[in-house]
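Remarks on the structure that follows.
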Amino acid sequence: MFHPGQLVMVDIPGKRLDAETAAFLREHQIRAVCLFRKNLGSEDEIRRLTADLRAVMGEQALIGIDQEGGSVIRATSLPQAPAAMALGAVGDEALAEEVGAAVARGLRHLGINWNFAPVLDVNNNPANPVIGERSFGEDPALVTRMARAWMRGSLREGVACCVKHFPGHGDTHVDSHHALPTVDKTEAELEALELIPFRALSPEAPAMMTAHIVYPQIDPEHPATLSHKILSGILRQRMGYRGVVITDALMMKAVHERYGHARAAVLALQAGADMPLAQGSQAEQAAAIEAIAAALADGRLTTAQLQAAQQRLDALAEAYPLAPRDYPTMQREADDALMHRGWERGLTAVGAAQAPDRSRPLRVLTQASVASDGVSEAGLPAEEVAALFAAFDDVEFVHLVDLRRLQAGDLPRDERLNVLVSNHRGRFEAAARGAKVDLHLALWNPFQVMDIAAPAVVSWGYGEGALAALRGWLEGRLAATANAPVTLN
């Protein structure tokens with residue numbers, strides 16, 4: 001018998017499944033949970049949590065997570081994958097496939113069967129505040145090629161992928177976690193760029209996640225997540241997509257402030273989605289489920305619509321069952337070495353950057369600390385930046401509260417070589433252009449190199465492998481040989 005809770009993905013509190021949450025999941029027959037950092041303790045604790053969820057939700061349960069690689073990883077104890085743009089800089093499909101497989105092996109070990117990756121967004125907007133290095137690049141052909149390989153590796157290891165964010169989040173200058181972006185393009189313009197990877201991979205991708213973006217020339221009233229014209233018209237009908245469509249989180253301000261959980265859940269299903277991602281309090285989650293039941297009762301949703309959605313979700317769960325596997329030490333070590341090689345190969349020099357002599361006095365400028373923005377992990381703290389320069393004889397460290405507000409006077413001109421280490425995500429303000437920088441190490445947002453007139457090395461992220469590679473470059477043991485998959489003029 002159909003129950004609306006079967007169509008809703010929720011989040012849960014804490015690192016253990018408490019009795020109240022278990023009772024709530026049972027009562028509403030919820031079959032899908034998304035795990036976040038707040039839920040992840042030790043690996044033993046994660047495995048216990050997923051086992052308890054499986055016992056409550058049943059064998060057709062779906063447990064999802066954002067484990068893209070780079071700055072967006074939730075299970076940080078697993079081998080840390082290079083960011084998509086690092087793989088795009090290498091351009092090696094075999095490497096991308098093996099990275100996707102290694103990520104899946106780690107997740108399968110933890111009892112997770114659905115990964116919200118890879119990102120298919122074509123990042124052709126340097127001002128994009130939320131995608132950036134999460135994209136494989138600015139060329140839709142490269143994005144398609146690398147994402148297909150990454151996904152092939154994941155699916156081979158038994159973890160479902162969810163490509164995102166349909167119909168494309170690469171050309172925005174607003175983060176939909178905080179406001180509602182608009183992309184003023186026609187469907188034909190989307191077909192010429194953003195939709196190329198989605199169309200190419202639609203026969204293979206078991207699931208797609210929607211974007212909270214308004215495309216006024218297609219649907220001026222609703223963001224893509226809630227748009228019948230986009231989800232049913234473009235994705236289902238014209239692209240012929242038959243897999244699962246899940247929304248991005250309805251708690252994000254782009255949707256929540258305008259529609260609320262309950263109304264948005266119904267609108268998403270009406271638009272053609274199969275599963276609203278309805279995080280929030282238990283009251284908000286229950287309200288979303290009750291709204292779906294009410295819409296079914298009064299005819300705004302039909303039994304046929306919801307049964308079709310449930311069948312697609314059932315098929316996904318059957319194809320990628322919750323069946324945890326051991327993760328032998330030798331395999332984990334091999335996967336970790338693979339990730340490190342990927343980060344090393346992705347190192348990219350811009351403007352003939354050269355490593356300074358270790359005897360040269362340095363001044364290293366960075367931000368003292370960088371908090372998580374809720375999407376990405378916290379940026380590299382200043383003490384870990386300092387570790388990059390452990391082999392140098394004379395280093396003076398300068399820590400700013402907000403590196404974006406760097407000004408020319410923050411870096412004096414003297415005998416010291418000025419090294420800027422960008423450990424934050426935001427672009428630099430105009431005042432930074434006059435700063436006397438001799439070497440720029442961009443640890444996160446590659447487009448920051450466009451703001452600073454200096455030779456640079458781009459690591460595409462700050463995972464363990466990225467830092468090891470960058471230290472190897474600074475000490476003259478590694479070369480930065482990759483080619484940027486985005487324009488960094």
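Laboratory data are not the source of any read-out in this text; all were calculated from the coordinates shown. Everything numeric here is computed off the predicted structure, so don't read it as measured data. Backbone-built Cβ (ideal geometry, glycine too); neighbour counts: all protein chains shown.
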With each label point set 7 Å from Cα along the Cα-Cβ vector, what nm distance links ALA386 and ALA334? 4.0 nm
Going by alpha carbons, how many degrees (0 to 90, nearest 10) lie between the helix axis of 303-319 and the longest principal axis of the chain? 50 degrees
Counting other C-beta atoms within 10 Å, and keeping those with at most 15, which DSSP coil GluC sites (Glu not before Pro) do you find in the range 177-253? GLU204
What share of the DSSP beta bridges in the range 4-319 is antiparallel, in percent to the nearest 5? 15 percent
Pairs on different chains or at least eight residues apart, Cα atoms closer than 24 Å: how many lysine pairs in the chain fit? 9
Simple spin-label estimate for GLU415 and LEU180 in nanometres, 7 Å along Cα-Cβ: 6.1 nm
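Report the net charge of residues surrounding ARG416, where surrounding means a beta-carbon distance below 15 angstrom and charges are Lys +1, Arg +1, Asp -1, Glu -1.
Surrounding charge for ARG416 is -3.
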Would you list LEU443, LEU365, LEU338 from fewest to most Cβ contacts within 10 Å? LEU338, LEU365, LEU443
Antiparallel bridge percentage (DSSP; both residues within the range 347-474; nearest 5): 15 percent
Interchain or long-range residues, amide H under 5 Å from VAL364's placed H: GLU396, PHE397, VAL398, VAL419
The range 220-251 and the range 288-306 have their Cα centres apart by a whole-number Å value of 18 Å
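What is the magnitude of the charge dipole of the range 388-437 about its Cα centre, with +1 placed on the Cβ of each Lys and Arg, -1 on the Cβ of each Asp and Glu, and no other charges, expressed in debye to the nearest 20?
So the dipole magnitude of the range 388-437 works out to roughly 420 debye.
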Can you give the net charge of the other residues whose Cβ lies under 9 Å from the Cβ of ALA317, counting K and R as +1 and D and E as -1? -2
Pop a pseudo-label 7 angstrom from the Cα along the beta-carbon direction at both ALA479 and GLU290 and give the gap in nm to one decimal. 6.6 nm
Would you mind checking the tilt of helix 43-57 against the longest principal axis of the Cα atoms of the chain, expressed as 0 to 90 degrees and rounded to 10? 20 degrees
Exposure proxy ranking, count of Cβ atoms within 10 Å, fewest first, for PHE24, PHE2: PHE2, PHE24
Quick note, the range 4-319: a/c under 1.5 would make it rounded; otherwise a/b > b/c is prolate and the rest oblate (a ≥ b ≥ c, C-alpha gyration tensor); here it is oblate
What's the exposure ranking of LYS229, LYS38, going from fewest to most Cβ atoms within 10 Å? LYS38, LYS229
Relative packing of 315-324, 376-385, which averages over residues the other C-beta atoms within 10 Å, highest first: 376-385, 315-324
Surrounding charge for ALA480, neighbours by C-beta under 15 angstrom, Lys/Arg +1, Asp/Glu -1, total +2
